[in-house]
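> Dropping a structure here in C-alpha cells format, bear with me for questions.
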Amino acid sequence: MNQKEIVLDVKGLDVQVHSNQGKLQVVQDLSFQIESGKVLGIVGESGCGKSITCLAILQLLDRVQYVTQGSIRLKELELTNRTEAQLQKIRGKEISLILQNPMNAFNPALTIEKQFLETIYAHSKLSRKQAHDQAVKSLDEMNLPNPKELLKQYPFELSGGMLQRVMIALSICMKPMLLLADEPTTALDSVNRHHVVEALQIIKKQEKTAILLVSHDLNVIHELADEVAVMKKGQFVETGSVAQLFSNPKHEYTKLLLDARLTTGTRNE
Amino acid sequence: MKLFVYVWKRLAMMVPVILGTTFVAFLLLRLTPVDPARAYLSVSNIIPTEETINLVRHQLGLDQPFWLQYVHWLWQLCHLNFGISFISKIPVSQELVVRLPVTATLAVLSLIIAILVSIPLGIASALHKNKFIDHCCRLLAFLGASLPQFLLAYLLIYFVSVKFDLFPLQGTETWQHFVLPSITLALGLIATYSRLLRNGLLESLEEPFVLYAKARGLGTVALMGRHVLRHAIRPVVTAAGMNLGKLFAGTVIVEQIFAMPGIGGYFLEAVYHRDYPVIQSFVLIMAIVFVLGNLIADVVQAYLDPRLTQQGTRKQVE
C-alpha cells in the first residue's frame, strides 16, 4: 500500500459562464493529477479561475449558470455524472473544502460545535459523545488550544486565524481523500499564516490526503507544494515541481509572478 | 443566561415607554375641543347648562388640575383599577375581562395562521423563483395586500358560511367562530410575510456560509432549516412583532362584521364620547402590547442570531 495512489484525476476541464451578456470561458482545458500525500499548488492572479476550479471539483457550480465539461475522477469514481444525493455523501467526507474567508464561511448563529457535529452526523452514525470526541481530537491535532472550550464558542468570538485553523480541523475530521484549500492564508496576518501552513504541513505528513492548494501567495506555495501549476485566464501556462519552477521559470507570466514576490520579499527584509 | 439579563433589561425599559405614552395620551385628550362633560350630558339627553356641566365635571374629577388627574390615574392603576367609564358607569376592567380575550385570541390566531402559511409559500416561491408557483404566490400577495378587509370578510362570509355552511357566521361561542375572522386578518399578513421570506431566502442562499455548508455535504433538510431558513426568517420575525400591536388595534372592522364583542368596538365608542378612562386604558393596553410584541420578536431574534445579545465581544455585530 505504500505505492502512491492517484487521488484526483482531472482531464480536460472546461467551465463556461452563461450570463445575460453571453458566454465566457473561465476555465479552459485543465488537466492535472494529485497523488495521496502530495500537494499541488495552483498560483495565479485574482479572477483567473482558481476558485471556480475548486467548486467545479466539488460539483458546486450552479448548473444553470455554469456549463462544465471534462472528466473529474476521485480515485475510480467519476464525479461529473453523480446525482445530488451521491454528491452530498462525497462532499465533506471524501473531499473537503477550506475557504478563504472563515469569518463568512461559518454560520454566525451556530456554535463551532454545532457546525462540527452536523458535518460528522451527515457522514457517520456516531453518537453525540463520539462525535464530540472526534471533534476535540481533530482540533487537538491542529494544535488548537482548549478544544473543548473552543467548541462552545460562536464563530464571531474567535479571531480569523483561529477560525481558519478550526476550518482546517473540521475539514480533516472525516479523514477525506482530497482537501481543497482555496486561498487558506489570504485573509490572515503573517503569524496566523504561519499557523495555517503548519497545520497543512501536519496533514501532508500523514500522507493520506491529497491537497489542492490554491493561492496567490508564492511563499505558502513554496513551503507546502510538491508540484505547482501557474494559471492565467483559465489555463495552465506552466507546470512543474516546486524546485524547478522557482529556480528556473520558463513562461513569461511565471517570471513576472516570481519577480513580484522577490521585490516585495527584499523590501521586507 | 445572557438572554435572561437581556429580557430583564428590556422589561425594565417598558416602564418609561408606558409612562411616556400614557402621559402624552392624557395630555392630547385634554387638548381636544370636545368636553367630556358635554358629551356625557348629550348622551344622557340632558340639555347642557353651565350649572349641569360644572356638576358633571366635578363628579368626573375633571375640575382638578391636570397633574393631579394624571397622578390620580397612575395611583389607581397601581391598584389595578382602570377607572369607571364616564358613560356606562361600568368599571373598565369588567369590560376588559370579557372583551380582551376575544381580541387577543383573534390577533394571536391570525398571526399564527399568517406565519404557518407564509413559511411554505415563501420557501416554494424562493425554490421556484420566477416560475409558475412564484407567480401564483406573487398574485396572492398582491390580492392580499390590496383587498380591503371588509370586502374579504364579506366574500368569506358569502362563500364559506352562506353557500357551503362550513363555518359559523357570527359570535364567539366556539373555536369555529374564530376561523373566518382570523383568516380575514391573516391574508394581508401572509402577503407581506411570504414575500419577505422569499427575498430573505434568495439572499441567504448566496451567503458564503451556505456554500460552505453545502461543501460539507449537509442534507437538504439540515441545510435549508438550520442555515438558510433560520437566517432568512429574521425580517419576518421583526414584522410579526410589530404587527401584533397593529392586530390588537386594527380588529375593529372585523369584529363589527363578525359581531364579535372585542375591544375594538368598545374603544371606538369611547372615542366618540370622550370617555377618558376607557381611552386611557386603551392607550395603556396598546403600549404594553406593542412593547411586548417587539420584545418577543427581539427575544426570538436573539435566539436566531446570538450576536445580538453579546456585548464586548471581539467582532462588532454586522
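The values are calculated or read from the model by the stated rules, or taken from the named source; none is laboratory data. None of the values given here were measured: they were computed from a predicted structure. Neighbour counts run over all protein chains shown; Cβ positions are idealised from the backbone, glycine included. Ligands, DNA and RNA are excluded from the accessible area calculation, which covers all protein heavy atoms including side chains. Shrake-Rupley method; radii C 1.70, N 1.55, O 1.52, S 1.80 Å.
> Just need the relative contact order of chain B here, percent rounded to a whole number, with Cα pairs under 8 Å and 6+ apart.
26 percent
> Over 22 Å between C-alpha atoms is what I'm after, so list which of A:89/B:214; A:75/A:233; A:75/A:137; A:175/A:204; A:11/A:75 land there.
Long pairs (Cα-Cα over 22 Å): A:75/A:233; A:75/A:137.
> While we're on this one: Against the empirical 2.2 N^0.38 Å scaling, what ratio does the C-alpha Rg of the stretch B:17-78 come to?
So the stretch B:17-78 has a normalised radius of gyration of 1.25.
> Say each of residue A:235 and residue A:152 gets a label point 7 Å from the Cα, pointing the same way as Cα to Cβ; how far apart are those two points in nm?
Label at residue A:235, label at residue A:152, 5.7 nm between them.
> In addition: Can you give me the C-alpha center-to-center distance between the stretch B:173-224 and the stretch B:128-143, rounded to a whole angstrom?
Taking the Cα centre of the stretch B:128-143 as reference, the centre of the stretch B:173-224 is 14 Å away.
> Taking 20 Å² as the minimum loss, tell me which residues in the stretch A:108-127 lose that much accessible area going from the chain by itself to the full protein complex (1.4 Å probe).
So the qualifying set is A:108, A:109, A:110, A:118, A:119, A:122.
> With heavy atoms of protein chains only and a 1.4 Å probe, what residues of the stretch B:220-240 have at least 30 Å² less accessible area in the full set of chains than alone?
Those residues are B:226, B:227, B:230.
> Note down the nm distance, to one decimal, between modelled labels 7 Å out along Cα→Cβ at residue B:145 and at residue A:202.
A separation of 5.3 nm, rounded to one decimal place.
> Now a separate question. Of the candidates A:236, A:116, A:32, which one comes out as most mobile in a Gaussian network treatment of chain A with C-alpha springs shorter than 10 Å?
Of the options given, A:32 has the highest mean-square fluctuation.
> Next question. Mean shadow of the stretch B:164-291, computed from the convex hull of its alpha carbons, in nm²?
Value for the stretch B:164-291: 11.1 nm².
> Another question, if that's okay. Once the Cα atoms of helix B:2-31 and of chain B are each reduced to a long axis, what angle between those two axes, in degrees from 0 to 90 to the nearest 10, is obtained?
Roughly 40 degrees between the two axes.
> Residue B:131 to residue A:85: FRET efficiency via 1/(1 + (r/R0)^6), r the Cβ-Cβ distance, R0 25 Å, to the nearest 0.05?
Once the sixth-power term is evaluated, E becomes 0.65.
> Further question on the same structure: Could you work out how far apart the two model spin labels at residue B:94 and residue A:126 are, taking each label as a point 7 Å from the Cα in the direction of the beta carbon, and quote it in nm?
So the label points at residue B:94 and residue A:126 sit 6.8 nm apart.
> Quick query: amide H of residue A:28 versus all other amide H atoms, modeled in the peptide plane; which residues come in under 5 Å with a sequence gap of 5 or more or a different chain?
Result for residue A:28 returns A:15, A:235.
> Note the angle between two axes, namely the Cα long axis of helix B:234-249 and the longest principal axis of the Cα atoms of chain B, as a number of degrees from 0 to 90, rounded to the nearest 10.
Helix B:234-249 sits roughly 20 degrees off the main axis of chain B.
> Counting Lys +1, Arg +1, Asp -1, Glu -1, what net charge surrounds residue A:11 among other residues with beta carbon under 12 Å of its beta carbon?
Here the count lands on -3.
> Chains B and A: what accessible area do they bury, summed, in square angstrom to the nearest 100, with a 1.4 Å probe?
For B against A, buried area totals roughly 2300 Å².
> Let me ask another. Hey, can you find the accessible area per residue of the stretch B:101-261 for me, probe 1.4 Å, expressed in square angstrom?
Accessible surface, normalised per residue, equals 47 Å².
> Just add up the charged neighbours of residue A:46: K/R +1, D/E -1, any other residue whose Cβ is under 14 Å from the Cβ of residue A:46.
-1
> Another question, then. Round to the nearest 0.05 the FRET efficiency obtained for residue B:158 and residue A:252 when R0 = 60 Å and r is the Cβ-Cβ distance.
That pair, residue B:158 with residue A:252, gives E of 0.15.
> Name the shape class, rounded, prolate or oblate, that the alpha-carbon gyration tensor gives for the protein assembly as shown, where a ≥ b ≥ c are the square roots of its eigenvalues, rounded holds for a/c under 1.5, and otherwise prolate holds if a/b is larger than b/c and oblate otherwise.
Cα axes put the protein assembly as shown in the prolate bin.
> Here is a follow-up. Rolling a 1.4 angstrom probe over the protein heavy atoms, how many square angstrom per residue are accessible across chain A?
Heavy-atom SASA per residue in chain A reads 47 Å².
> After finding the eigenvalues of the alpha carbon gyration tensor for the stretch A:100-255, what semi-axes result from the square roots of 5 times each, listed largest first in whole Å?
After scaling each eigenvalue by five and taking roots: 32, 16, 13 Å.
> With just the Cα atoms defining each centre, how far is the stretch B:1-78 from the stretch A:147-213? Give it in Å.
64 Å
> Accessible area of chain A with a 1.4 Å probe: how many percent of it is carbon plus sulfur?
49 percent
> What does the helix-only formula give at 222 nm for chain A: each DSSP H stretch with n ≥ 4 adding -39500 (n - 2.57), the total divided by the residues, and the result rounded to the nearest 500 deg cm²/dmol?
Rounded to the nearest 500, it is -12000 deg cm²/dmol.
> Please determine, in degrees from 0 to 90 and to the nearest 10, the orientation of helix B:263-272 with respect to the longest principal axis defined by the Cα atoms of chain B, where the helix direction is its Cα long axis.
Value to nearest ten degrees: 40.
> Let me ask something else. Looking at the stretch B:169-240, which GluC sites (Glu not before Pro) are DSSP coil and have at most 13 other C-beta atoms within 10 Å of their C-beta?
Hits after loop and neighbour filter: B:173, B:206.
> How would A:259, B:35 line up by accessible area, probe 1.4 Å, largest first?
Highest to lowest solvent-accessible surface, that is A:259, B:35.
> Round to a whole number: what % of the accessible area of chain B belongs to carbon and sulfur, probe 1.4 Å?
70 percent
> Over the stretch B:183-250, what is the relative contact order in percent, taking alpha-carbon pairs closer than 8 angstrom and at least six residues apart?
41 percent
> Given the protein chains as shown and a 1.4 Å probe, how many square angstrom of residue A:175 are accessible, to the nearest 10?
Counting only protein heavy atoms, the figure is 120 Å².
> Under the rule that an exposed site lies in a DSSP loop and has at most 14 other Cβ atoms within 10 Å, name the longest stretch of chain B with no trypsin sites (Lys or Arg not before Pro) of that kind, not counting the sites themselves.
In chain B, the maximal stretch lacking such sites is B:132-313.
> I've got another one for you. Among the aspartates and glutamates, which have Cα under 15 Å from the Cα of residue B:246 when same-chain residues fewer than 8 positions away are ignored?
B:255
> Counting just the Cα atoms, what span does the stretch A:73-148 cover along each of its three principal axes? Round to the nearest Å and put the largest first.
42, 30, 24
> Which whole-number value in Å² is the accessible area per residue of the stretch B:1-58, probe 1.4 Å?
Accessible area per residue, the stretch B:1-58: 69 Å².
> Using R₀ = 51 Å, calculate the FRET efficiency as 1/(1 + (r/R₀)^6) where r is the Cβ-Cβ separation of residue B:169 and residue A:140; round to 0.05.
The calculated FRET efficiency here is 0.15.
> Local charge sum around residue A:213 (other residues, Cβ-Cβ under 12 Å, Lys/Arg +1, Asp/Glu -1)?
-3
> What ratio of Cα Rg to 2.2 N^0.38 Å holds for chain B?
So chain B has a normalised radius of gyration of 1.23.
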